[in-house]
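Every number here is computed from the coordinates shown, using simple stated rules; none is lab data. Remember, it's a predicted structure, so these values are computed and weren't measured experimentally. Cβ placement follows ideal geometry from the backbone for every residue including glycine, while neighbour counts extend to all protein chains displayed.
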Amino acid sequence: MRLFSGIAASPGIAVGRLRVVDRRNLTIDAYPIEHDYIEPEIGRLRTAIDQTRAELEAIRARLAEDTGSDHLFFIETHLLIMSDDRLFTESAAIIEGSRINAEGALHRTLHKYRELFAGIEDAYLRERINDVEAVVERILRTMTGQVHTPISAEQGHTIVVARDLTPADILQMDKTRIIGMVTEGGGRTAHAAILARSFRMPAVAGIDGIADPAYDNAPAIVDGTSGNLIVHPDQDTFQRYLKLKQRYEYDEQALLRSAALPSLTLDGHRLELRGNVEVPEEGQFVLSHGGEGAGLYRTEMLFMNRREMPEEDEQYRVYSAMQQAVVPHPLTIRTLDAGSDKLLADIPFSVGQNPAMGMRAIRLTLAMPDEFKKQLRAILRVSANGPTRIMFPMISGLEELRRARALLDEAKKELSEAGIAFDKAIRVGIMVELPSAVTIADLLAKEADFFSVGTNDLIQYSLGIDRSNEHLAPLYQPLHPAVLRSLRQVVEAAHQAGIPACMCGEMAGDPFFLPILLGLGFDELSMNASSIPRVKRMVRSCSRERAAGIAEACFAFATAGEVEAFLKKQIDIHFSTGRS
Ligand code: PEP
Ligand code: MG
């Protein structure tokens with residue numbers, strides 16, 4: 001038996017046999033060419049790109065017929081990457097400048113993109129290199145005649161193992177027989193992981209060396225909840241996991257059945273629960289899991305893998321699709337929270353030595369007012385068709401909020417002059433995710449319509465702990481007294497000004513923290529859709545009054561460990577369920 005520990009990419013347990021598929025094993029020859037061959041090679045590249053685009057369009061048409069418009073977004077993304085002619089122009093320049101063949105040139109271009117993406121601090125955007133790789137691979141296969149066939153399975157209970165999987169792989173795979181996925185690359189925010197979650201397929205990512213043919217046909221267990229893969233499980237482990245799987249599925253069914261119940265505490269207090277979303281396909285998932293709209297729509301996805309900002313109309317179309325997925329519930333659209341400017345080659349800002357504190361989020365958009373207004377106008381136009389809220393990321397002080405609001409006013413004026421409808425009373429909120437915003441929460445509350453606490457960043461900046469450094473994970477403490485005091489200060493400032501206090505960081509999706517968040521007085525929690533049923537079960541099993549008592553008592557402790565021990569005891573005594 002061998003246990004591998006990876007990234008929990010999609011929850012659930014799959015028990016079956018591994019099927020190692022070779023999706024990336026392309027043999028590429030790069031060789032010098034004579035001057036006379038430059039033009040024909042460039043022509044060959046053009047033909048391969050056009051042919052690949054036609055192939056993708058055919059897949060898009062087929063999928064639209066088979067499954068309706070769901071999940072098409074991913075193929076669209078690849079088509080979008082192909083529509084940027086840079087892949088062609090840069091490779092053609094290499095063919096000409098370095099006098100090498102088209103395959104070699106395309107490979108060099110990909111290498112350049114890999115380096116560019118590797119420096120991106122935001123994990124989500126960094127992982128978008130997978131899409132560029134998938135597109136380049138498809139073109140190379142077309143050129144070399146090494147065709148890419150859909151992943152099939154001869155037997156049921158198949159767990160696909162690959163170095164990496166593309167969204168197209170997942171969309172096209174035989175899901176009656178394939179029940180789980182394991183990849184060497186990827187992460188929680190890779191497209192493949194998002195799709196696996198939406199197909200409820202357990203998945204583990206980030207296991208080095210697992211795509212080795214030696215593992216083909218080995219019996220295995222994928223635990224997508226903990227991120228473990230067990231190959232050749234012994235009898236005891238096998239039996240234990242069968243039971244766990246049954247229990248997980250039974251729990252999921254029970255949770256989903258009760259997901260539509262109102263989010264009310266035992267003493268009748270209402271806590272709004274909403275979903276965090278990135279692509280329109282997730283909207284439906286939020287509703288089926290009992291969420292009432294989206295509390296955080298991360299718009300970064302739309303800006304990825306491209307050198308130029310998406311035009312207003314394109315943004316409008318995508319935001320509308322998201323809105324249609326959650327309407328009549330509200331949609332909270334966060335303006336671009338790019339971690340760096342690296343994707344946008346024309347932007348003359350340096351990331352600096354410390355990108356987490358560099359040119360990013362609201363600072364970046366304020367520095368590009370015309371681009372920012374395009375996004376604001378697209379959001380405003382969407383607001384005419386359903387309840388919509390705007391949210392600005394990483395606000396550190398009032399000047400930023402005022403400047404962002406001034407640009408929003410300009411965008412409103414432009415739309416009014418053009419006779420285009422929008423919600424004139426659209427609510428404008430801010431993410432509270434910097435210690436400075438906490439300290440002046442009372443001042444910000446006077447000029448914001450709601451607060452949404454981004455604990456992922458707030459904890460990082462308050463405790464000085466890099467949120468993506470796995471070696472520091474034990475020090476990343478949501479229950480640190482400094483964090484708890486910050487949360488209390490934010491809720492109090494919001495309520496004193498009469499605005500709602502929301503939370504959309506990961507802390508909101510862990511039922512273990514629910515008594516504290518409810519007790520502190522948060523009005524709304526937004527989380528990954530799959531967490532909503534468990535958090536709702538917790539809400540329904542507790543009284544607001546008791547939660548307030550527990551939250552208050554937590555402030556008597558001086559360390560995160562003490563708070564955690566106390567909270568665990570309280571949950572064991574008073575609540576029907578604890579940490580999931
Ligand atoms: C946060 O920081 O908590 C948050 C929700 O934003 P993001 O994870 O996108 O930085
Ligand atoms: Mg953040």
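Some points to look at:
- Ratio Rg/Rh [Cα only; Rh per Kirkwood] for the stretch 35-143: 1.02
- Distance from the stretch 350-404 to the stretch 237-255 (C-alpha centre basis), Å: 44 Å
- Between 0 and 90°, nearest 10: helix 544-554 axis offset from the chain longest Cα axis: 80 degrees
- Whether the stretch 234-311 is rounded, prolate or oblate, judged on the alpha carbon gyration tensor where a/c under 1.5 counts as rounded: oblate
- Ranked by the mean number of other Cβ atoms within 10 Å of their residues, highest first, the peptides 157-167, 432-442, 265-275 fall in the order 157-167, 432-442, 265-275.
- Of interest is the spacing of the C-alpha centroids, which for the stretch 202-222 and the stretch 27-62 amounts to 33 Å.
- Check: the stretch 1-134 dipole with +1 on Lys, Arg Cβ and -1 on Asp, Glu Cβ, in debye: 680 debye
- Relative to the longest principal axis of the Cα atoms of the chain, the long axis of helix 312-326 lies at roughly 60 degrees.
- Cα centroid separation, the stretch 122-177 to the stretch 438-490 (Å): 38 Å
- Projecting the Cα atoms of M359, I420, Q324 onto the charge dipole of the stretch 261-574, computed from C-beta unit charges around the Cα centre, puts Q324 farthest toward the positive end.
- Check: the chain dipole with +1 on Lys, Arg Cβ and -1 on Asp, Glu Cβ, in debye: 1560 debye
- Here the Karplus relation 6.51 cos²θ - 1.76 cosθ + 1.60, evaluated at θ = phi - 60°, turns the backbone of the stretch 380-387 into coupling constants of 4, 4, 5, 5, 6, 9, x, x Hz, with x for every Gly and Pro.
- Residues R544, R17, sorted so that the one with the fewest Cβ neighbours within 10 Å comes first: R17, R544
- Packing rank of 517-529, 4-16, where each peptide gets the mean count of other beta carbons within 10 Å, highest leading: 517-529, 4-16
- Residue order for C504, C542, C554, fewest other beta carbons within 10 angstrom first, comes to C554, C542, C504.
- Rounded tilt (10° steps) of 481-496 against the dominant C-alpha axis of the chain: 70 degrees
- Protection proxy ranking of 398-404, 91-97 - average other beta-carbon atoms within 10 Å, highest first: 91-97, 398-404
- Rounded if a/c under 1.5, otherwise prolate or oblate - the chain, Cα gyration tensor axes: oblate
- Whole-Hz ³J(HN,Hα) from phi, Karplus 6.51 cos²θ - 1.76 cosθ + 1.60, for the stretch 55-62, glycine and proline x: 4, 5, 5, 5, 5, 4, 5, 5
- Long-range amide H partners of V277 with built H, under 5 Å: L296, Y297, R298
- Sequence-distant lysines (8 or more away, or on other chains) whose Cα lies within less than 23 Å of K112: K342
- 30 Å Cα-Cα threshold exceeded, pairs from K446/K569; K245/K569; K413/K536; K424/K446: K446/K569; K413/K536
- If only the Cβ of Lys and Arg carry +1 and only the Cβ of Asp and Glu carry -1, the dipole of the stretch 107-164 around its Cα centre is close to 260 debye.
- Dipole axis of the stretch 35-143 (+1 Lys, Arg; -1 Asp, Glu on Cβ), positive-most option in Y113, I95, A61: I95
- The H on the amide N of T225, modeled in the peptide plane, is under 5 Å from the matching H of G12, each at least 5 residues off or on a different chain.
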